[in-house]
Amino acid sequence: MNITRRNGGPFARTILLATLVALVAGCASSPPRRQADVCEVFEQYPDWYDYASDSAEAWGTPVHVQMAFVRHESSYRARAKPPYEWFLFIPLGRASSAKGYAQAQDPVWGEYQEERGRLFRSRSDMEDALDFIGWYNYKTWRELGIERGDAYRLYLAYHEGRGGYRRGTWKKKPEVQRAAKRVRETASTYKSQLTHCEERFRCDAWYQFWPFCR
């Protein structure tokens with residue numbers, strides 16, 4: 001009996017762990033079909049509006065800015081990672097440790113977990129990704145004074161880090177400036193689109209009804 005427990009226990013735990021990993025992998029959402037229209041994105045994934053709204057309430061970054069970040073960081077892919085870099089035919093590894101919807105890198109994600117709690121937080125979970133974006137931009141606002149509706153400058157600080165933004169590293173990176181402009185344009189488009197549909201998503205839960213929706 002003791003031998004059976006010693007041999008069977010670890011094996012059973014391994015099977016259980018593999019099953020849990022498979023279940024979690026199966027829960028990842030496929031990217032929205034029409035990413036250029038935030039109303040269509042929320043129509044397909046209405047819970048994402050709730051997550052973005054919660055983050056906006058907690059940290060102050062508007063819904064349209066958060067969603068513009070996610071679109072341009074990961075194209076709404078839960079397990080997005082930077083591509084491998086190569087030297088001839090030799091793989092050198094990925095350019096950074098960024099991953100998930102928000103493309104958060106390991107060091108800053110670790111800082112986020114320390115403050116917000118590690119348990120069950122995942123970069124491939126949209127709720128956590130949007131909370132992370134709000135949290136990061138809140139700190140940017142506190143440290144650099146960048147308004148939380150300023151998608152262009154927020155993205156520069158997000159991409160380069162707050163220290164890099166302060167040093168002006170982005171000034172010599174036209175590709176980063178172009179990316180920030182795309183984020184700003186998407187945020188502006190999303191903001192306009194939300195004026196036509198946001199009321200609907202505010203009242204999509206069974207316990208919410210107009211005019212008492214949040």
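Structure data summary
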{"read-out": "Overall dimensions of the range 137-201 as given by Cα atoms, namely Rg and Dmax in Å", "value": "13.5, 43"}
{"read-out": "Fewest-first sequence of His64, His196 by Cβ atoms within 10 Å of each Cβ", "value": "His196, His64"}
{"read-out": "Lys/Arg +1, Asp/Glu -1 at C-beta; the range 32-202 dipole; positive extreme among Gly161, Gln35, Gly60", "value": "Gly161"}
{"read-out": "Ordering of 129-136, 56-63 by burial proxy (mean other Cβ atoms within 10 Å per residue, highest first)", "value": "129-136, 56-63"}
{"read-out": "The range 32-202 - charge dipole about Cα centre, Lys and Arg +1 at Cβ, Asp and Glu -1, debye rounded to 20", "value": "840 debye"}
{"read-out": "Alpha-carbon Debye profile of the range 32-202, log10 I(q)/I(0) at 0.09, 0.17, 0.18 Å⁻¹", "value": "-0.30, -1.06, -1.19"}
{"read-out": "Around Ala180: net Lys/Arg minus Asp/Glu count, Cβ-Cβ under 11 Å", "value": "+2"}
{"read-out": "Arg184, Arg116 arranged by Cβ crowding within 10 Å, fewest neighbours leading", "value": "Arg116, Arg184"}
{"read-out": "Per-peptide average of other Cβ atoms within 10 Å, ordering 158-168, 67-77, 40-50 highest first", "value": "67-77, 40-50, 158-168"}
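Taken together, the values in this text are just the output of simple stated rules run on the coordinates, not laboratory data. This one's a predicted model, so the numbers in the text were calculated from it and none came from an experiment. Neighbour counts run over all protein chains shown; Cβ positions are idealised from the backbone, glycine included.
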